[in-house]
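Worksheet: one structure, shown below.
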Amino acid sequence: MQAEKEEEEASPEEYVALCDFTASGSEQLGFSTGDKLLVHAKPSADWWWAELQGVIGYVPASYLRQDAAEDEDDTSLEDPWQDDEYFGSYGTLRLHLEMLSDRSRTETYRQVIVSNSASLRNKVVMDLGCGTGIISLFCAQLAQPSVVYAVEASSMAEHTRQLVKQNGCEEVVTVLQGRAEELELPEQADILVSEWMGNCLLFEFMVESVLLARDRWLRDGGVMWPSSAALTLVPCQADNYYSEKMAFWERPYGLDFTPLQPLAQQEFFTKPKFSHLIDPKDCLSAPCDVICLNMYTVQEMEGEFKFCVVKPGVFHGFTAWFTVQFESLEAGGATVELDTGPNSDPTHWKQTLFMLDKPIHVYGGDSIRGNIVLRRNPVWRRHMTVTLHWNINSSSDNCQVGTKSFPMWR
Ligand SMILES: N=C(N)NC/C=C/[C@H]1O[C@@H](n2cnc3c(N)ncnc32)[C@H](O)[C@@H]1O
């Protein structure tokens, strides 16, 4: 209470509105892009108490940015996709080296080409976001498509052209520099292949570009690779991480640093932990596919789950990963799957850990039911908020309910 009390007396902070907000309900405050609001209190992560021209009400925090001074000349206000930053990062080798070094990922795409090589003969392929062109080069080297359009928006495209020539594939592979949503393809494609998956499957939201390109360039009856995707979730223990970030403050060098634990919770447990490697023994139940994307239809961004706890343990949070499937071009042919979970070869995505604020003791037979909602950030189009709701029904004591929202990253 003390912190909250001080918070209310603190002088209001100035924020700028990044987009319009229409109030729904008398206690909300509507505003327009560019409005300067005075934030008086932040009772929760999502809703703040703010003032605009003498009127006070609740406003959505994700619509506001504080560094008003910087925003005068900051172009990022106009560019919600932050394309300069996003494609700039793919113009250097760092991310491409990381993805090419991921053997599980890259070998899976090669296996898809090899196991469909006969059916790829004389086909038109579009490789969306080809990067260094690895998938296009596999197509030209391991099959005989009539043409592969390798589409890449970043400055890597000019180097990709060089790699195509260096490997004698210029007869088959045509590199087109530009955003897939904007450029003109000479013809419709029979196959749209892409490696678009971000952390937690959807982060970066490149999937949006893939679906737009599908609607524009994939001919009727054409094939999407991946053909489907699933986000998988499991309740888990995370003793090491919890000890390292939270328990540490209990008795460092014989002193009591526990007053810092609320800060530690805010700093370390608010955002998901990327590049987490979960040990299968830390899973408290069988994992469950919570969101399934059929790449041919409109995608679901919300999912239910029901976990049955199989052993006593400490429920520190949820771990998420994904799988993608590549259907065969031949009717009845085998589907190839890429699994980024803890029981498969590690990938550069690893897994994503969502830490609860407080760990909960659970026992065999307990059930953890709830849902997960992935909400696009209304302002930063490549970012999202993951909201988890859970109900624990335990034989030992009454049911516990919880919810928490995790920004990724804004
Ligand atoms: N798999 C992960 N994590 N990252 C995806 C891989 C991203 C690659 O695809 C390119 N890319 C992303 N979106 C588009 C687009 N709309 N048009 C053309 N190229 C694009 C990026 O510049 C990277 O080279």
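Taken together, the values in this text are just the output of simple stated rules run on the coordinates, not laboratory data. Just so it is clear, the structure is predicted and the values come from calculations on it, not from any experiment. When we count neighbours, we look across all protein chains shown, and the Cβ atoms used for this are built from the backbone with ideal geometry, even at glycine.
Observations on the structure shown:
- Extreme residue, positive dipole direction of segment 257-359, given options P262, V314, V324 (C-beta unit charges): P262
- Kirkwood hydrodynamic radius of the chain, from the reciprocal of the average inverse Cα-Cα distance over all distinct pairs: 23.8 Å.
- Lysines whose Cα lies under 28 Å from that of K281, excluding same-chain neighbours fewer than 8 positions away: K245, K271, K273, K306, K311, K350, K358, K404
- Residue exposure proxy: M408, M99, ordered by other Cβ atoms within 10 angstrom of their Cβ from fewest to most, comes out as M99, M408.
- Neighbourhood charge, 10 Å Cβ-Cβ cut-off, centred on F87 and excluding it, Lys, Arg +1 and Asp, Glu -1: -3
- Neighbour net charge for E327 - beta-carbon separation under 14 angstrom, K R +1, D E -1: -3
- Relative contact order of segment 110-221, pairs being alpha-carbon contacts under 8 Å that are 6 or more residues apart, as %: 27 percent
- Relative contact order for segment 179-336, counting Cα pairs under 8 Å that sit 6 or more residues apart, in percent: 32 percent
- Rg(Cα)/(2.2 N^0.38 Å) for segment 169-321, N = residue count: 1.48
- Relative contact order for segment 267-410: 27 percent, from Cα pairs under 8 Å spaced at least 6 residues apart, divided by residue count.
- Fewest-first sequence of I134, I56 by Cβ atoms within 10 Å of each Cβ: I56, I134
- Listed from fewest to most Cβ neighbours within 10 Å, the set V401, V207 follows the order V401, V207.
- D (Stokes-Einstein, µm²/s), Kirkwood Cα radius, segment 32-174, 1.306 mPa s at 10 °C: 84 µm²/s
- Length added when fully stretched, A331-L263, from 0.36 nm per residue minus Cα-Cα: 18.9 nm
- If only the Cβ of Lys and Arg carry +1 and only the Cβ of Asp and Glu carry -1, the dipole of the chain around its Cα centre is close to 1480 debye.
- Considering only segment 111-214, percent of DSSP beta bridges that pair antiparallel, nearest 5: 5 percent
- Descending by average beta-carbon neighbour count within 10 Å, the peptides 285-294, 314-323 line up as 314-323, 285-294, the highest first.
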